[in-house]
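Any read-out appearing in this document is the output of simple, stated calculations on the displayed coordinates, not a laboratory observation. As the structure is a prediction and not an experimental result, all values here were calculated from the model. Here the Cβ positions follow ideal geometry from the backbone for every residue, glycine too, while neighbour counts run over all protein chains shown.
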Amino acid sequence: MDKFKVRGGKPLRGRIEIGGAKNSALPCLAATLLTADTVTLHNVPYVRDLITQRRLLEDLGATVLTPELRTHKVTAGNIEVFEAPYHLVKTMRASVLALGPLLGRFGQAKVSLPGGCAIGTRPIDLHLKAFEQLGATVSLESGDVVARAPKGRLVGSVIDFEKVTVTGTENVMMAAALAKGATTIRNAAEEPEIEDLAELMNKMGARIKGAGTSTITIEGVEGLGGAEHTIIPDRIETGTFMVAAAITDGEIEIRSCRPDHLTAVIEKLREAGVEIDELNPSTLLVRRSSAGLVARDVTTEPHPNFPTDMQAQYMALMTQADGESKVIETIFENRFMHASELIRMGADIAISGNTAVVRGKRRLMGAPILASDLRASASLVLAALCADGETVIDRVYHIDRGYETIVRKLRSLGADIERIKEGLVAEVETEV
Ligand code: EPZ
């Protein structure tokens, strides 16, 4: 398994380009299953999860061409298989996004029930209940979810989600697009990735209104066609590099981003002593304020509030802030795995239930540490960049799932970081 070796203490300075949003590219690639025509997606990030998603589409029978690294031309013309196999689902839960389009277009779908992951049990009960409300029969057969539309076609309905679920909202949008009649989703997720998926699907001929709000309506149509679409920038990569500028006391110009997708993060970081200039609608200039970082509490909540995917990165920043801050995680039940590794580096963090109390302005010392999940890995890299001495982070395959060429981007900003290849050469040459 690859490792990162980081020697901290260098302020990061320079400019970087933000890549396409992993959590938009994943549902958008799934949506290509809704038509036999070719769908072309641009700005697809070159990260492990998207390589897995591409494999899944090809396993189902779709043709995927990549005329250039970040452009995927998908033609799901001759889908003969309606099953997402366990060996793919176990590496990437987002494979469940195949359920909606397969059920919607073919009236059948079989997906291995995803296990939990480091951050929580991650059930999909709300997805399955929604499919039943759309007229599907859903059963569990030796670890696989088997869904069928008895009459071959789903029927529109009103779906009232008891909890906000991002991929649940996306799965229902895709299933309902070809259903008979209209579907309304209430308590829908409002993330920018939902709007991006709706924009792609409407280009394909779907009739979706209200994406980005808590109520989405989908008018079922007879069929969908091809389209061309550019994936939105990754707001979590953007937030991660904003923290990188502040935690290393450097200055980074962040290009090709969407500040309007990050208002809660920008607001919180400004409160905590980070200076953020919006140079234009797609560029941010970020540095620590001369007054220094101050401890500020944060609570993670569904969009448009502070995103859970930025919680770990923010906690790393709070170890360097003056004072005590509370980091409250309300979305996942076990998303503090990074805390124990930060403590190994000298951070003062006390966990009680879903609340972490961080006592800041602690000098961090480099140490051998372990990455546990995607965003925890980012948090540990940020901490290593500001720690004294050398840190070796193991199991960095987690970070390769969602951050494209992160070592190259950090080195371009002056970071002293290198990837150590262990054993087999990394399956994906991620530092293209
Ligand atoms: C999406 O996961 C993202 N993944 C996650 O990003 C993100 O952290 C999460 O949304 C929350 O914003 C993708 O978009 C591919 P949820 P998702 O369904 O859809 C519970 C990253 O780091 N729930 O919104 O799986 C669930 O347990 C990843 O890029 C049910 O109980 O999350 C959680 O507590 C990590 N039953 C809460 O709802 C269900 O059927 C929110 O989960 C579905 C969800």
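Computed quantities for the displayed model
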{"quantity": "FRET efficiency, V81 to T355 (Cβ-Cβ, R0 60 Å, nearest 0.05)", "calculated": "0.85"}
{"quantity": "When each of K73/K203; K180/K209; K268/K326; K110/K163; K5/K421; K22/K409 is checked by Cα-Cα distance, pairs over 21 Å", "calculated": "K110/K163"}
{"quantity": "Ascending count of other beta-carbon atoms within 10 Å, so fewest first, for C28, C386", "calculated": "C386, C28"}
{"quantity": "Cβ-based exposure ranking for R15, R375, R48, R344, in which fewest neighbours within 10 Å come first", "calculated": "R15, R344, R48, R375"}
{"quantity": "Rounded if a/c under 1.5, otherwise prolate or oblate - region 348-392, Cα gyration tensor axes", "calculated": "oblate"}
{"quantity": "Under 11 Å, Cβ to Cβ, from G107 - net charge with Lys/Arg +1 and Asp/Glu -1", "calculated": "+4"}
{"quantity": "CD proxy at 222 nm, helix term only [per DSSP H run n ≥ 4: -39500 (n - 2.57); per residue of the chain; nearest 500]", "calculated": "-8500 deg cm²/dmol"}
{"quantity": "Rounded, prolate or oblate (a/c below 1.5 giving rounded, otherwise prolate when a/b exceeds b/c) for region 274-432 by Cα gyration tensor", "calculated": "rounded"}
{"quantity": "Charge dipole magnitude, Cβ of K and R +1, D and E -1 - the chain, Cα centre, debye nearest 20", "calculated": "280"}
{"quantity": "For the chain: relative contact order, % (alpha-carbon pairs under 8 angstrom, 6 or more apart)", "calculated": "21"}
{"quantity": "Loop-located GluC sites (Glu not before Pro) in region 58-156, at most 13 other Cβ atoms within 10 Å (DSSP)", "calculated": "E80"}
{"quantity": "Nearest-0.05 FRET efficiency for A118 and S142, computed from C-beta distance (R0 25 Å)", "calculated": "0.50"}
{"quantity": "Charge sum, other residues only, whose C-beta stays under 14 Å from R270's C-beta, Lys/Arg counted +1 and Asp/Glu -1", "calculated": "-1"}
{"quantity": "Among beta bridges that DSSP assigns inside the chain, antiparallel share in %, nearest 5", "calculated": "70"}
{"quantity": "Estimated dipole of region 145-285 in Debye, rounded to 20 [Cβ of Lys and Arg +1, of Asp and Glu -1, Cα centre]", "calculated": "1120"}
{"quantity": "For the chain, the Rg and Dmax computed from alpha carbons only, in angstrom", "calculated": "21.5, 66"}
{"quantity": "Cα-based helix-to-principal-axis angle, 22-31 vs the chain, degrees rounded to 10", "calculated": "10"}
{"quantity": "Order of M310, M345, M204 under a 10 Å beta carbon neighbour criterion, fewest first", "calculated": "M204, M345, M310"}
{"quantity": "Which of I194, F82, L33, positive extreme of dipole for region 22-230 (C-beta unit charges)", "calculated": "F82"}
{"quantity": "Label-point separation in nm, V392 to V158, each point 7 Å along Cα→Cβ", "calculated": "6.0"}
{"quantity": "Formal net charge of residues neighbouring V158 (Cβ-Cβ distance under 14 Å; K, R +1; D, E -1)", "calculated": "-2"}
{"quantity": "Added length on full extension, which subtracts the Cα-Cα distance from 0.36 nm per residue, K209 to I420", "calculated": "71.2 nm"}
{"quantity": "Sites A291 and K129, calculated FRET efficiency, Cβ-Cβ separation with R0 41 Å, nearest 0.05", "calculated": "0.25"}
{"quantity": "Degrees, to the nearest 10: 374-386 long Cα axis against longest axis of the chain", "calculated": "20"}
{"quantity": "Anisotropy class of region 22-230 from Cα gyration tensor, a/c 1.5 cut", "calculated": "rounded"}
